[in-house]
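For reference, the structure is listed below as structure tokens.
Laboratory data are not the source of any read-out in this text; all were calculated from the coordinates shown. The model shown is predicted, which means the values in this text are computed figures rather than measured ones. Positions of Cβ are generated from backbone atoms using ideal geometry, with glycine treated the same way; all protein chains shown enter the neighbour counts.
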Amino acid sequence: MAKEIERKFLLPSIPNELITNEKRTIYQNYLAVGKEEVRIRRIHYENLSEKFYLTYKNRLKGKFVREEVEIEITSMTYDQLNNKSMPIIKDRLLISLDNDLWAEVDIYNNVGFELKTVEVEFKSVSEAECFTSPYWFGRELTGTGEYSNQSLWEGINGIKKKTL
């Protein structure tokens with residue numbers, strides 16, 4: 001199983017001087033939420049093409065790492081899996097950083113308030129630990145659950161978290 005190693009930050013604003021390498025719109029719904037999550041995505045690219053994905057994620061020990069399995073699916077499979085709940089809709093901008101890293105800036109369109117976040121994926125935990133965020137990144141959200149896509153999706157769909 002692949003491992004996803006990433007850090008997430010709140011983004012107060014996007015500096016005008018940044019060069020966006022790519023923009024896409026993501027429609028994200030969940031089939032299962034919790035420590036283990038299963039989600040589906042429809043990604044609409046600037047060239048008007050679309051791709052569809054089914055993703056399983058599982059939080060591991062440590063705040064940077066999750067197991068991740070992602071497979072591309074057909075639009076028909078996406079439609080069959082889509083539970084007709086309200087998806088998170090976000091525009092994603094890809095911005096090149098130093099050391100062959102990429103900033104994935106997400107601008108949320110339908111969560112009820114203005115929200116921008118930025119994530120950076122790494123090849124190793126040590127690379128993630130040594131990362132110094134650029135001046136334009138805000139407060140770190142990694143491992144907090146605050147503004148997680150899963151929580152935002154639950155919020156826009158009126159799903160109350162169960163307490164044990």
Check your understanding: So, in Å, what gap is there between the alpha-carbon centers of the stretch 1-55 and the stretch 88-122?
Key -> 8
Study note, to complete from the structure: Share of Cα-Cα pairs in the chain beyond 25 Å, whole percent, is 32
Check your understanding: If you put +1 on each Lys and Arg Cβ and -1 on each Asp and Glu Cβ, how big is the dipole of the stretch 34-77 around its Cα centre, in Debye rounded to 20?
Key -> 340
Revision key, fill the gap. With +1 at each Lys and Arg Cβ and -1 at each Asp and Glu Cβ, the charge dipole magnitude of the chain around its Cα centre, to the nearest 20 debye, comes out at 760
**Study point:** Point-to-point label distance, Glu70-Glu22, nm (Cα→Cβ direction, 7 Å offset)
**Key:** 1.0
Review point. Okay, helix-only estimate at 222 nm for the chain: each DSSP H run of n ≥ 4 adds -39500 (n - 2.57), divide by all residues, round to 500 deg cm²/dmol; what do you get?
Key: -3000 deg cm²/dmol
Practice item. Starting with the fewest neighbours, write out Thr20, Thr117 ranked by other beta-carbon atoms found within 10 Å of each beta-carbon. Key: Thr20, Thr117
**Study point:** Glu114 versus Tyr135: modelled label distance in nm, points set 7 Å from Cα along the beta carbon direction
**Key:** 2.1
Check your understanding: If you take the charge dipole of the chain about its Cα centre, with +1 on Lys and Arg Cβ and -1 on Asp and Glu Cβ, which of Thr142, Ser126, Val33 is farthest toward its positive end?
Key -> Val33
